[in-house]
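For reference, the structure discussed in these notes is given below.
The values are calculated or read from the model by the stated rules, or taken from the named source; none is laboratory data. This is a predicted model, so every value here is computed, not measured.
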Amino acid sequence: MEKLAAQDARNRSKSAVNRANSTDRHVGAEIRRRRIMLGLSQQELADLIGVTYQQAHKYERGINRISASRLYDIANVLQVSVGHFFDRLGDEEPTGLEPKQRMCLELARNFMNISDEEQQEALSQMARVLASSQPN
């Protein structure tokens with residue numbers, strides 16, 4: 001009976017080691033945040049780091065742990081240091097992008113894709129007028 005209990009304890013210990021934790025979820029959320037900021041899809045990130053879309057998704061959700069070498073590859077693709085993913089670890093604020101932040105990033109990316117400088121200026125002036133006409 002003691003032998004069986006000891007084996008059961010070892011099995012639980014092994015599964016706990018393989019299970020992702022809050023740090024894994026934090027790192028995954030930071031990967032997602034940076035990927036979105038760069039305008040990459042999960043599929044594009046997966047292709048660039050040599051994994052499947054499903055694996056990239058699991059990394060971002062913190063479901064699967066990321067090896068040191070894979071994290072290094074991800075950091076290179078996302079143009080940050082490995083430490084970037086741990087910078088805000090322990091902060092109380094959520095690590096996901098708010099809808100307004102996501103919209104702002106998309107607007108900036110789209111704005112930069114407008115090749116005509118006059119159209120960029122017109123859009124910028126329109127945004128200024130709309131913002132100034134809003135009550136505070």
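General observations
- Residue within the range 31-50 that is part of a helix (DSSP H, G or I), within 13 Å of the chain's Cα centre (by Cα), among the β-branched types (Val, Ile, Thr) and at pLDDT 90 or above present: yes
- When Gln125, Gln101 are screened for being more than 30 Å from Glu60 (Cα to Cα) and of a type in the set (S, T, N, Q), only Gln125 passes.
- Within the range 32-67, the residues that satisfy the criterion of being among the aliphatic types (A, V, I, L, M) and over 27 Å from Ala108 (Cα atoms) are Val51, Ile63, Ile66.
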